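Asker: Take this structure first; my questions come after.
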Amino acid sequence: MNGLLEKYHEYYRLVGCRAEYELEDGTIIELKYEQNGFAHLIGMHKLKDIHLIQLWQDSSVGNVRAKEVIRNIKNEKLTEREVMNSKFFPVIKDRYDRFSYDNLTTLNYTDAIVNFDANMIGSKIKSNYILFEETTKGEYNHMGIVYKPDVEEAYIETFFYESKDTYIKGQKVVKVKSLRIVDACGRIIVEDSF
């Protein structure tokens, strides 16, 4: 099995599950893992020299939806080899390498930015919250979460790695107290706390 398909299968284990992060200030961040989020979370939207991705990202060129990208991954028409051969792969390499079931489900994210202000750093991220962890090398893994008040639901917008604290500096940071992930039947599959 190719590595991209393996990463998809790891992520797919979470599709339909709900995660609940409780922060020290009492804030509860609840989100649902969606199948169509995979391609964006792993960074494939940045691989602009892959024809299928061009069709997905540029509506003036084509009308491909995320589910078509997923279908091509599942059918191994889009493989890790093609992803790694993209001239843009170095842009997503750290993100791609760190994307795993464990990095999405363990309480690695020890802190959360609440009410993330993208304007402070000129970012296009729409996330209201960014969960992050500092690695032993002083680098950072991030998971951005958007809250949609109209439907009272949140989703993972982005997953990325930064070698500096660019997204954290000057933001309101709160400690993560606990994490619980339940499957579609309500069974707890992960529970962790500080």
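Asker: When you scan the range 167-190, do you find a residue that is in a strand (DSSP E or B) and of a type in the set (Phe, Trp, Tyr), even just one?
Answerer: no
Asker: Does the range 5-27 contain at least one residue that is at pLDDT below 90 and surrounded by fewer than 19 Cβ atoms within 10 Å (Cβ to Cβ)? So that I can check it myself, show each step before the final result.
Answerer: Here is the first cut: in the range 5-27, the residues at pLDDT below 90 are none.
Within the range 5-27, none of the residues are at pLDDT below 90 and surrounded by fewer than 19 Cβ atoms within 10 Å (Cβ to Cβ).
Asker: Which pairs turn up if I take residues in the range 107-123 that are over 12 Å from SER178 (Cα atoms) and modelled with pLDDT of 90 or more and look for partners that are crowded, with 16+ Cβ neighbours inside 10 Å and small (Gly, Ala, Ser) with beta carbon separation below 8 Å, at least 6 apart in sequence or on another chain?
Answerer: Going by the 8 Å Cβ cut-off, the qualifying pairs are PHE116/SER127; PHE116/GLY144; ALA118/SER127.
Asker: Considering only the range 170-182, state which residues are loosely packed, with under 15 Cβ neighbours inside 10 Å and either within 22 Å of ARG18 (Cβ to Cβ) or without any contact (Cβ under 8 Å) to a residue 12 or more places away in the chain (or both).
Answerer: Listed by number, the list holds a single entry, LYS175.
Asker: Then there is this: Picking from ASN115, ASN119, ASN85, which residue would you name as being within 27 Å of HIS51 (Cβ to Cβ) and loosely packed, with under 13 Cβ neighbours inside 10 Å?
Answerer: On the way: ASN115 fails: within 27 Å of HIS51 (Cβ to Cβ); ASN119 fails: within 27 Å of HIS51 (Cβ to Cβ).
Within the list ASN115, ASN119, ASN85, the selection yields ASN85.
Asker: Continuing with this model, one more query. What are the pairs, 6+ residues apart or on separate chains, where a residue within the range 95-106 that is without any contact (Cβ under 8 Å) to a residue 12 or more places away in the chain has its Cβ under 8 Å from a residue that is part of a loop (DSSP other than H, G, I, E, B)?
Answerer: Qualifying pairs under 8 Å: ASP102/ASN108.
Asker: Check GLY138, GLY170 and return the single one that is at positive phi, modelled with pLDDT of 90 or more and more than 19 Å from the chain's Cα centre (by Cα).
Answerer: Unique residue meeting the criteria: GLY170.
Asker: Could you tell me whether ILE130 is surrounded by 18 or more Cβ atoms within 10 Å (Cβ to Cβ) and closer than 23 Å to GLU22 by Cβ?
Answerer: Values: surrounded by 18 or more Cβ atoms within 10 Å (Cβ to Cβ): yes; closer than 23 Å to GLU22 by Cβ: yes.
Yes.
Asker: Can you pull out the residues in the range 13-50 that are more than 13 Å from THR158 (Cα to Cα) and either among the basic types (Lys, Arg) or in contact with a helix residue (DSSP H, G or I) (Cβ under 7 Å, 6 or more places away or on another chain) (or both)?
Answerer: Listed by number, the residues that qualify are ARG13, LEU14, VAL15, ARG18, LYS32, GLN35, LEU47, LYS48, ILE50.
Asker: Sticking with this structure for a sec: Kindly indicate which of HIS51, HIS40 is over 16 Å from LYS148 (Cα atoms) and surrounded by 15 or more Cβ atoms within 10 Å (Cβ to Cβ).
Answerer: Working: HIS51 fails: surrounded by 15 or more Cβ atoms within 10 Å (Cβ to Cβ).
The match here is HIS40.
Asker: Do you know which residues across the range 32-78 are of a type in the set (Gly, Ala, Ser) and at negative phi? Even if it seems obvious, please write down each step before you answer.
Answerer: Initially, the range 32-78 is screened for residues of a type in the set (Gly, Ala, Ser), giving 37, 39, 43, 59-60, 62, 66.
GLY37, ALA39, SER59, SER60, GLY62, ALA66 - these are the residues of the range 32-78 that are of a type in the set (Gly, Ala, Ser) and at negative phi.
Asker: Here is a further query. Being at pLDDT below 90, of a type outside the set (Lys, Arg) and within 20 Å of the chain's Cα centre (by Cα) is the requirement here; does THR79 meet it? Reasoning before the result, please.
Answerer: Values: at pLDDT below 90: no; of a type outside the set (Lys, Arg): yes; within 20 Å of the chain's Cα centre (by Cα): yes.
Spelling it out, it is not the case that THR79 is at pLDDT below 90, of a type outside the set (Lys, Arg) and within 20 Å of the chain's Cα centre (by Cα).
The values are calculated or read from the model by the stated rules, or taken from the named source; none is laboratory data. Just so it is clear, the model here is predicted, and its values are computed rather than measured. As a convention, Cβ positions derive from the backbone with ideal geometry for all residues, glycine included, and neighbour counts pool all protein chains shown.
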